[in-house]
Amino acid sequence: MYNQHLNKMFLIANDHWAVKKTKNKGLGVFAKKKIEAGTPIADYLGKVIKTEEYDLEKDKKGLFLMYLTDVGSIYPDLGKPGPHLLNHSCSPNNWIYTHRGHTLFFALRDIKPGEELTISYLLSPKDETCKNCPHKCSCQSLNCTGTMHLSKDKYEKWQKFQEKQKKTKISKYKFGKNLPKLKSYPKNIPINPIYTQISNN
Ligand SMILES: [Zn+2]
């Protein structure tokens, strides 16, 4: 499967996580040790590309592209283990946090060994472009909405909150190159109540 030593993106020690097959969602990332709430678990690194040059039509799922700036996005190396392997859940135990333009994944609550690490993909509300929508959710949480798309209400609330984070200083990057790892990362990310309001936790 994946060679764990190729990992550059996880910020927790290699003995704290493992990539495994899930029952119905392909691969997933699982905790091997307890992870405390607020712990940054990964930096979503990859190649910096111009968003307008990305062919969304060809990429049926379109779930790997991550926002960096209004013109640039991150596309991860799919051959290496990284946060792109986290599956979507309507009741995720991780959330995203923008730090110097980088998208960090962090634990939204204490996570027990054996639990799958999950995130909300925070997709924009479903519209007519999503016919035969491939973004159906099978997270099986009690509050599963059946789709990875957010409701209009929740999406707008999230966008408004994100606008503030986007205004923070962005670390250096070059188009066509990999986004370099930051020299340091926050030790703990404060849990803002908005995260649980937008998820269905
Ligand atoms: Zn769900």
Which one of these does Lys25 not meet: (1) assigned to a loop (DSSP other than H, G, I, E, B); (2) surrounded by fewer than 21 Cβ atoms within 10 Å (Cβ to Cβ); (3) within 13 Å of the chain's Cα centre (by Cα)?
(3)
Test: residue in the stretch 55-73 that is over 25 Å from Asn132 (Cβ atoms), among the β-branched types (Val, Ile, Thr), in contact with a strand residue (DSSP E or B) (Cβ under 7 Å, 6 or more places away or on another chain) and without any contact (Cβ under 8 Å) to a residue 40 or more places away in the chain
yes
Is it the case that some residue within the stretch 142-163 is away from the ligand (no atom under 14 Å from the Cβ), assigned to a loop (DSSP other than H, G, I, E, B) and either at pLDDT below 90 or not aromatic (Phe, Trp, Tyr) (or both)?
no
Given Gly72, Gly38, which one is buried (at least 17 other Cβ atoms within 10 Å of the Cβ), closer than 23 Å to Pro186 by Cβ and touching a Lys or Arg at 6+ places or on another chain (Cβ under 8 Å)?
Gly72
Anything in the stretch 124-141 that is on the phi > 0 side of the Ramachandran plot and more than 16 Å from the ligand (Cβ to nearest atom)? List them, or say none.
Asn132
So which pairs qualify, if the first residue must be in the stretch 127-149 and among the basic types (Lys, Arg), the second must be within 7 Å of the ligand (Cβ to nearest atom) and at pLDDT 90 or above, the Cβ gap must be under 8 Å, and the two must be at least 6 apart or on different chains?
Lys136/Gly146
Over the stretch 79-99, the set of residues within 16 Å of the ligand (Cβ to nearest atom) and assigned to a loop (DSSP other than H, G, I, E, B) is Leu86, Ser89, Cys90, Ser91, Pro92, Asn93
Filtered residues of the stretch 164-201 (kept if at pLDDT 90 or above, in contact with a Pro (Cβ under 9 Å, 6 or more places away or on another chain) and among the polar types (S, T, N, Q)):
Ser171, Asn188
For Pro125, the lone unmet condition from (1) surrounded by fewer than 14 Cβ atoms within 10 Å (Cβ to Cβ); (2) assigned to a loop (DSSP other than H, G, I, E, B) is (1)
State all residues of the stretch 108-122 that are in a strand (DSSP E or B) and either among the charged types (D, E, K, R) or farther than 22 Å from Lys157 by Cβ (or both); if no residue qualifies, say none.
Ile111, Glu116, Leu117
Test Ile119 against the criterion of being at pLDDT below 95, among the hydrophobic types (A, V, I, L, M, F, W, C) and within 18 Å of Leu45 (Cβ to Cβ), and give yes or no.
no
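The values are calculated or read from the model by the stated rules, or taken from the named source; none is laboratory data. Keep in mind that this is a model prediction, so the values were computed, not measured. Cβ: placed from backbone, ideal geometry, glycine included. Neighbour counts: every protein chain shown.
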